[in-house]
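Asker: Before anything else, here's the structure in question.
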Amino acid sequence: MSTGLIVGIIIILLVVGVPILQALIRGAQRRRSLAAEGVPALRDAGLRPEELPSGLSRQTAEAVTSEDIALADDNPEATITQLDDAGRIIGYRESFREPRSWGEFMDWVLAQSIFRNRQHRRVEVELTRYDSSEHANEALQADPPSDLGDAGVSVEDAGERGGLMAREWIRTEHGDTVQRMLELRWASGDVLGVVRGDSEPSGALDDEEVRRLAGLVKARLG
């Protein structure tokens, strides 16, 4: 068997096998996380597939513990202390996107090829339970991250409407807006609710659709 054929077989196995392995691992992690204490109640307030704008499909649905957040930070010990002091108990996050996700590896391949010039839309719901309504309201008023890691990204508060506080995240390249995210947030008792609508190019997702989805989640939290 020639070296070229062996290399070709390995590449094919990677293209096919990596997404499958990712899906299996994520599936097991997802089932465990969704069974964590306090998560099912938050998940019940999330979005239903029939409520989404046409074309969006589920990407992730998972619990977000304070440990998860801390481990992703440069200073885990300080971060976990900060989250504990803020009264954070548990979070739940779900996201929906177009085009459909096939795993990190395949998403990268498709983004470099047939999806290169296609519009991208994403809706994310993040619900976080705190020790008290006071803690949830403090989190609601918190400033956005100061270190965005990208000089082309700007963040601005965009007022309040219908009990939803709005914030715009905009990414520019060469002076042109190429991506925009509308973030809507509110506090329902001891739960901080956040719904984000992310689109690239910037007008691919309508603001009123994002507000409608946030209204549905907010009503379920009651």
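The values are calculated or read from the model by the stated rules, or taken from the named source; none is laboratory data. Here the structure is a predicted model, which means the values were calculated and not measured. FYI the Cβ positions are ideal-geometry reconstructions off the backbone, even for glycines, and counts take in every protein chain you see. We work out accessible area using only protein heavy atoms, side chains counted, and drop any ligands, DNA or RNA first. Shrake-Rupley method; radii C 1.70, N 1.55, O 1.52, S 1.80 Å.
Asker: Below 12 angstrom from the Cβ of residue 135, what's the summed charge of the other residues (Lys, Arg +1; Asp, Glu -1)?
Answerer: Details: positive: 88, 129; negative: 84, 85, 131, 134, 138, 190.
Neighbourhood net charge equals -4.
Asker: Let me ask another. In whole percent, and with a 1.4 Å probe on the protein chains, what portion of the accessible area of the stretch 178-222 is carbon and sulfur?
Answerer: Solvent-exposed carbon and sulfur of the stretch 178-222 make up 47 percent of the total.
Asker: Per-residue HN-Hα couplings for the stretch 190-197, Karplus 6.51 cos²θ - 1.76 cosθ + 1.60 at θ = phi - 60°, whole Hz, x for Gly and Pro?
Answerer: Per residue, the Karplus-derived 3J(HN,Hα) values read 8, 10, 8, x, 9, 10, 10, x Hz.
Asker: Oh, and also: Taking all pairs of different Cα atoms in the stretch 170-222, averaging 1/r and flipping that mean, what Kirkwood radius in angstroms comes out? Walk me through the intermediate numbers first.
Answerer: Details: mean 1/r = 0.0829 Å⁻¹.
When all Cα pairs of the stretch 170-222 are included, the Kirkwood radius is 12.1 Å.
Asker: Quick one: accessible surface of residue 220, probe radius 1.4 Å, all protein chains present, in square angstrom to the nearest 10.
Answerer: 80 Å²
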